[in-house]
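Reviewing the structure listed below.
The values are calculated or read from the model by the stated rules, or taken from the named source; none is laboratory data. As the structure is a prediction and not an experimental result, all values here were calculated from the model. Heads up, the Cβs are rebuilt from the backbone with ideal geometry, glycines too, and the neighbour counts pull from every protein chain shown.
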C-alpha cells in the first residue's frame, strides 16, 4: 500500500513539475537533467515524507475531481448544455462523478437534445461506467423526452429501474405516439419486475386500454386495482370511469362513480361528458343538475360538456342559462367557451344567437368560422356559408380540413356546383387535394350535384382511398342513373381485394341492380349480405327489399320485408311502392293500414307511393280517400307529386275532363309532370283534341324535353294523322332535339343482353326472328289480328307488321324463352312505355310457352302468366 501511494505521489509530482519546466526556457537536454535530479531526490525521501506527499497528492486529486464536477453541475443548473458537453468531452473518467452524468442527461432530456444525449451515453459506455438504476433512469428519460422511444425501451430491457416515475413517463409517451400495445406491454414488464406502482401508472394504462377498446384488459386491471388497494384513490377511480365511458360501458362507469368515497370536479365532468359522447345527452344534462346540487364547483370543462349536450338534445333554453352563468364567471373570455357556445346555438338552429356570439368574439379562430359555416349549411343558407368561407381568407385565417369539408358538404346539400368548383380550385392552390377527407367530400359534392365525371376524376387522382371513397363513388353512380358504372366499380372493388364491401357499399350498389333489373347480380349480393350478416342493418335490408321489388320478384321482397325485425318508415314505404309498381293496389292499401296500426306515421313520400298504387290499380275512390286523409288528418300539404298522382289516376280511368278541371283548380301552378300525366291519359283513351290542348302547355313548360313531342307524335300516329306526325317531327328537328330510342334488356347467366328496335346484331338473331314468326302465325290462327297502329309509321299493313316484330321488348322476350330453362321466370326491362301490340304478344307467349314473363317498362311492372297480365289494363 505504501509503495502504491509512493508511486502515485512520485508520478503526480513529476507530472506537475514537468509542466512547470515546460513553461521555462531551456533545451531538451536541460529538461532531462533537471528531471533526473528530481527523480533521484524523490527516491531518497523517508517513509514519513512519503506519507505526507501521498496525502498531498490525494488531496490534489480530490480537488481536481471536485472542480470538474462542480463546473459541470453549474453548467447544468444554468441550462448551458453546450458548455457542459464540451467540458465532458475533455474530461477523464476519474474526473466525473455518476451523479454529474445524471445531471447532464437530465439537461439533455429537458432540452430535447438527442444528439448531445447520445454523446453522453457514448462517454458513459466508453469509459466503462456501471449503469445502475439512477443512471439508467436518466438515460431512459433522455431518450423518451427526445422521442427515441425504441432506444428508451432498450434501456428498460438492460437496466433494472426502480422508480415508477420513469416507467410512467415512457408508457405515457408510447401511448401519445399511438403505440398503445407497446404501452400496455411495458406495464406488464413493470408488473413482473416488481416495481412499486403509483396512481399515475394506472391512469396511463387505462388510456391505452380505452384507445384499443380492450374492455377485457381494462376489467382485469380494475380487478388488480381493487386487490392492490388503489381502489380508494380518487385519480385512479377517475381514470377507471373515463375508461368505461370511452368503451361505451356507461353502466359500469356509473357504478364506479357511485362507489367513490370522494368525488371532485373531474369525476363529475367525466360522467357528464361520457353520457353526452355516448348519445345520452339528456342523462348528461340531468347529471349536471345533480352536480350543482352536490355543491361541486363548475369549471370550464363542465360548461363545454353541457353545451355539447344542449346541442345534441336541442335544449337551447338550458344552453342560454349556462351561457348566462358563463358570463358571470368570466368563462366567456375563453376561446373554448365561445366556440362551443357558438356551436351549440348553430346546432340548435338559433343562428341569430350564434351570429351574435360570433360577432362579439374578439379572437375568432378557424374553429369559430367552421362552426358558423356548418350552422349555415344545416339551415340551408348555402350562400352565407360560402361567403363566410371567402371572408376567412380576407381575415388571414387559413381554413383547415374541417372548414373545407363543411363548406363542401354545404355545396353538396344545396346542389351548388359552381360554388363547389370554386372551393375545389382553392383546394388545389393550397395543396389540400391529397387529404383523404377533403377528397371524399369533393367526390360527394360532385356526385350530389350530378357531375359524376368530375367525381370520377377526383377518385382516380387519390393516392390513397378508403372504403368511404369507394362507397361515395358507387353511391353517386347509382343515384345519378349510371347503374352500369356502379356495378363495374363494385366488381373492381371485389377484384382488387384491398377492401371488403361493407354495409354502406351493398346499400349503395343494390339500387343499381334495381335500376337495371339485374336480378342475378342482386341475388349474388344478397348471398354476400347473408354471409357477412349485414341484413341486420336496416338500410341494407330496405335496399334489398327495394331491389327485389324492382326486379319483379315481389314475393321475395315481401318475404324479406317480413323478416326485418325493426321496420322503419322507409321499410313500409318501399314495400307499399313495390305493390304499387306491380299493380297490387289493394295489397298496398292493406300494408299502409298495418303501418299505421304499428305506430308509423306516414310522410309525404309514403302518400306518393300509396296514391301511385291507387292510380295504377284503378282505385279511384280509395285514391281520393287517402288524398283527403293526407291533407286533413295528417296535415300534410300536397306537393306536385301528389297532384300528379291524382291527375294520373283520373286520366287512366278515362275521366279526362275531370282531370283537366282538377289541374285548373290546383292551389299551386301545374308543372310539366302534371300536364304530362294528362297527356298520357289522352293517348290511352285516344282523345286527340284534348291532347293537342294539353300538349301546347307541356311544350311551353319544357320545350327541350323530346319525350313529350314523341308522345304527341304517337297520339297522332295511332289516329293515323300522318301529316301532323311529320309536322311534329320537323319541329323536333328544327329544335335540334333527339328522340331516345326504344331499348330493352334481359339478363341471362349474369350477362346483360341489350336490344333496340329492329336490332339484328345479336348472335341469336335468326332463332329470335324465327320464334317470333311462329308465335305471330299461331296468334293469327287463333283469330288475333296485329295492332298495326302501334307500328307508328305511315306504311302498308305488311310493313307495319314487320316493324312491330322488331320492337325491342319482343326481341328480348324471345331470347328469354329460347335461353331460359323450364319454369324459370323471364325478366325483361324497357326504357320506354311498352306498346299495345307487344303487350298482347307477351300475354299470348306466356300462355303458349307456359312461361311467366315479368316486363318492366318506364311506368310499371307487367306480370304475364297464363295469358293474363297483372296490370288489368291500367298502364
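Being within 29 Å of residue 427 (Cα to Cα), surrounded by fewer than 18 Cβ atoms within 10 Å (Cβ to Cβ) and under 18 Å from the mean Cα position of the chain (by Cα), is that true of even one residue in segment 496-517? Checked against the condition, which is being within 29 Å of residue 427 (Cα to Cα), surrounded by fewer than 18 Cβ atoms within 10 Å (Cβ to Cβ) and under 18 Å from the mean Cα position of the chain (by Cα), segment 496-517 yields at least one hit.
The set of residues in segment 536-565 that are crowded, with 22+ Cβ neighbours inside 10 Å and in a loop (DSSP other than H, G, I, E, B) comprises 551, 552.
All conditions in (1) at pLDDT 80 or above; (2) more than 19 Å from residue 464 (Cβ to Cβ); (3) part of a helix (DSSP H, G or I) hold for residue 415, with the sole exception of (3). Figure legend. Inter-residue proximity from segment 158-169: first residues in contact (Cβ under 8 Å) with a residue 40 or more places away in the chain, second residues part of a loop (DSSP other than H, G, I, E, B) and surrounded by 22 or more Cβ atoms within 10 Å (Cβ to Cβ), beta-carbon distance below 8 Å, spacing 6+ or different chains. No pairs are indicated.
Each row is one residue, and each column tells you yes or no for (1) within 16 Å of residue 191 (Cβ to Cβ); (2) buried (at least 19 other Cβ atoms within 10 Å of the Cβ).
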position: 218; (1), (2): yes, yes
position: 222; (1), (2): yes, yes
position: 231; (1), (2): no, no
position: 234; (1), (2): no, no
position: 241; (1), (2): no, yes
position: 244; (1), (2): no, yes
position: 252; (1), (2): no, yes
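The residue that is surrounded by the fewest Cβ atoms within 10 Å (Cβ to Cβ), counting only those in segment 738-771 that are touching a helix residue (DSSP H, G or I) at 6+ places or on another chain (Cβ under 7 Å) and in a helix (DSSP H, G or I), is 767.
Going by the structure shown, is residue 269 outside the structural domain of residue 190 (by TED's automatic domain parsing) and in contact with a helix residue (DSSP H, G or I) (Cβ under 6 Å, 6 or more places away or on another chain)? When the stated conditions are applied, residue 269 passes them.
Every listed requirement among (1) without any contact (Cβ under 8 Å) to a residue 24 or more places away in the chain; (2) in a helix (DSSP H, G or I) is met by residue 610 save one, (1). Residue check: residue 611 meets all listed conditions (1) under 30 Å from residue 683 (Cα atoms); (2) within 35 Å of the chain's Cα centre (by Cα); (3) modelled with pLDDT of 95 or more but one, namely (2).
Any residue in segment 305-328 that is under 22 Å from residue 236 (Cα atoms), in a helix (DSSP H, G or I) and not assigned by TED's automatic domain parsing to the domain that holds residue 247? Scanning segment 305-328, I find at least one residue that is under 22 Å from residue 236 (Cα atoms), in a helix (DSSP H, G or I) and not assigned by TED's automatic domain parsing to the domain that holds residue 247, so the answer is yes. Exactly one residue out of 274, 295, 284 is at positive phi and without any contact (Cβ under 8 Å) to a residue 60 or more places away in the chain, and it is 295.
Within segment 566-582, is even one residue in contact (Cβ under 8 Å) with a residue 12 or more places away in the chain, on the phi > 0 side of the Ramachandran plot, crowded, with 19+ Cβ neighbours inside 10 Å and not in a helix (DSSP H, G or I)? No, segment 566-582 contains no residue that is in contact (Cβ under 8 Å) with a residue 12 or more places away in the chain, on the phi > 0 side of the Ramachandran plot, crowded, with 19+ Cβ neighbours inside 10 Å and not in a helix (DSSP H, G or I).
Residue by residue, here is whether (1) in contact with a helix residue (DSSP H, G or I) (Cβ under 7 Å, 6 or more places away or on another chain); (2) closer than 20 Å to residue 858 by Cα; (3) outside the structural domain of residue 836 (by TED's automatic domain parsing) holds:
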residue	(1), (2), (3)
669	no, no, yes
674	yes, yes, yes
682	yes, yes, yes
691	yes, no, yes
715	yes, yes, yes
724	yes, no, yes
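Scanning segment 146-167 for residues that are closer than 13 Å to residue 118 by Cβ and crowded, with 18+ Cβ neighbours inside 10 Å returns 146, 151, 152, 155.
When residue 653 is tested against (1) crowded, with 17+ Cβ neighbours inside 10 Å; (2) in the same structural domain as residue 703 (by TED's automatic domain parsing); (3) more than 43 Å from the chain's Cα centre (by Cα), just one condition goes unmet, and that condition is (2). Restricting attention to segment 241-249, does a residue exist that is outside the structural domain of residue 269 (by TED's automatic domain parsing) and without any contact (Cβ under 8 Å) to a residue 24 or more places away in the chain? No, the conditions are met nowhere in segment 241-249. If the condition is being within 23 Å of residue 263 (Cβ to Cβ) and in a helix (DSSP H, G or I), then segment 329-345 contributes only 331. Inspect all residues belonging to segment 594-603 and state whether any of them is under 19 Å from residue 668 (Cβ atoms) and in contact with a helix residue (DSSP H, G or I) (Cβ under 9 Å, 6 or more places away or on another chain). Scanning segment 594-603 turns up at least one residue that is under 19 Å from residue 668 (Cβ atoms) and in contact with a helix residue (DSSP H, G or I) (Cβ under 9 Å, 6 or more places away or on another chain).
Scanning segment 194-226 for residues that are in a helix (DSSP H, G or I), at pLDDT below 80 and over 23 Å from residue 178 (Cα atoms) yields a total of 0.
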